[in-house]
Amino acid sequence: MMKKNNRPIGIFDSGIGGLTVAKEVIKELPHEDIVYFGDTARLPYGNKSPRTVIKFSVENTKFLLKFGVKLVIVACNTSSSIAIPTLRRRFRVPILGVIKPAVKKAVQITDVGRIGIIGTRTTIESKAYQREIKRLDPYLKSFAQACPLFVPLAEEGWVDEEVTLKVAKMYLAPLLEKNIDALVLGCTHYPILTKVIRKAMGKSIKFIDSAERTAQDAKRILVANSLCAQRKSRKGKCRFYVSDEPAVFKKVGKWFLGRTVSARVQKV
Ligand code: DGL
């Protein structure tokens, strides 16, 4: 039987974007095996109803559990903002979302106590980020803005085009007026667009990308629960699964993961 601690970490996302989280997990926990699932057949999640997002998130978790994962990281912000309570109720495996890690960092780094949040429509409407900020510090002010067109622009690779800057300026104009000093990039795809978002928001704004902090929290959970891999002699292996044709995932995945992705299609 496989040693308990050497079981893989499971990560799921609606598609490619969660590879930004996988990248940080690989950096933070280089000896851990990872099973990544991108639900490419059913994306985007960002404009779907909470009910549907919960249903998909439960199915994705079940899929990962078939690999005996010891921790499930919900890399998708939309799933994280909607489905975490249901997943924790239904499954015994530790479940880590991306909202809390990002908010912890935002609360730490804001000097003026005014935090902006951008994400998909469903994420912003769920108010998960806003609630978490209030919970950590009731005196902080948060301002949220949905930016639904950012996902297709990032997947198109239009990360520094005129059209993307125009879209960014339109979405972000209301946030500019709020005098925020920190902005949560509350979607897997937004770190790819940092350059244009900075151009639209100005140089002094501090960005919070949840991927890095989530990877640090994953490490903390493994250490606290004595779940770290026991093999220090070899690097962890990554397996990638998608629910639709893997060609696009492989091509675009490179930009998100920073290295080549070999994916198998697996229907859930
Ligand atoms: N992964 C989603 C998120 O972070 C973005 C893509 C989608 O809408 O499915 O919210």
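Of the conditions (1) open to solvent by less than 30 Å² (accessible area, probe 1.4 Å); (2) over 24 Å from Ile208 (Cβ atoms); (3) within 16 Å of the ligand (Cβ to nearest atom), Val35 fails just one. Which one is it?
Here Val35 meets the rest and fails (3).
Checking Gly119 against (1) within 12 Å of the ligand (Cβ to nearest atom); (2) out of contact with any Cys (no Cβ under 7 Å at 6 or more places or on another chain); (3) open to solvent by less than 10 Å² (accessible area, probe 1.4 Å), which test does it fail?
(2)
Kindly establish whether Ile54 is under 22 Å from Lys219 (Cβ atoms) and open to solvent by 10 Å² or more (accessible area, probe 1.4 Å). I'd like the intermediate steps shown before the answer.
Numbers: under 22 Å from Lys219 (Cβ atoms): no; open to solvent by 10 Å² or more (accessible area, probe 1.4 Å): yes.
So Ile54 does not fit the description; no.
Mind listing just one residue for me: the one in the range 100-116 that is open to solvent by less than 10 Å² (accessible area, probe 1.4 Å) and assigned to a helix (DSSP H, G or I) and, of those, nearest to the ligand (Cβ to nearest atom)?
Among those that are open to solvent by less than 10 Å² (accessible area, probe 1.4 Å) and assigned to a helix (DSSP H, G or I), it is Ala102.
Could you tell me whether the range 154-174 includes any residue that is out of contact with any Phe, Trp or Tyr (no Cβ under 7 Å at 6 or more places or on another chain), within 16 Å of the ligand (Cβ to nearest atom) and open to solvent by less than 20 Å² (accessible area, probe 1.4 Å)?
Scanning the range 154-174, I find at least one residue that is out of contact with any Phe, Trp or Tyr (no Cβ under 7 Å at 6 or more places or on another chain), within 16 Å of the ligand (Cβ to nearest atom) and open to solvent by less than 20 Å² (accessible area, probe 1.4 Å), so the answer is yes.
Here are some residues: Thr61, Thr78, Thr52. Which one is among the β-branched types (Val, Ile, Thr), part of a helix (DSSP H, G or I), in contact with a Leu (Cβ under 8 Å, 6 or more places away or on another chain) and within 16 Å of the ligand (Cβ to nearest atom)?
Working: Thr78 fails: in contact with a Leu (Cβ under 8 Å, 6 or more places away or on another chain); Thr52 fails: in contact with a Leu (Cβ under 8 Å, 6 or more places away or on another chain).
So the residue among Thr61, Thr78, Thr52 that is among the β-branched types (Val, Ile, Thr), part of a helix (DSSP H, G or I), in contact with a Leu (Cβ under 8 Å, 6 or more places away or on another chain) and within 16 Å of the ligand (Cβ to nearest atom) is Thr61.
Just the residues that are under 17 Å from Ser14 (Cβ atoms) and open to solvent by 70 Å² or more (accessible area, probe 1.4 Å), please, taken from the range 122-151.
Residues of the range 122-151 under 17 Å from Ser14 (Cβ atoms): 122-126, 128, 146-151.
Across the range 122-151, the qualifying residues are Glu125, Leu149.
So which of Lys235, Lys219 is surrounded by fewer than 22 Cβ atoms within 10 Å (Cβ to Cβ), among the basic types (Lys, Arg), in contact (Cβ under 8 Å) with a residue 60 or more places away in the chain and not in a helix (DSSP H, G or I)?
Working: Lys219 fails: not in a helix (DSSP H, G or I).
Criteria check complete, one pass: Lys235.
The values are calculated or read from the model by the stated rules, or taken from the named source; none is laboratory data. As the structure is a prediction and not an experimental result, all values here were calculated from the model. All Cβ positions, glycine included, derive from the backbone under ideal geometry; neighbour counts span all protein chains shown. Heads up: the accessible areas ignore ligands, DNA and RNA and are worked out on the full protein's heavy atoms, side chains in. Shrake-Rupley method; radii C 1.70, N 1.55, O 1.52, S 1.80 Å.
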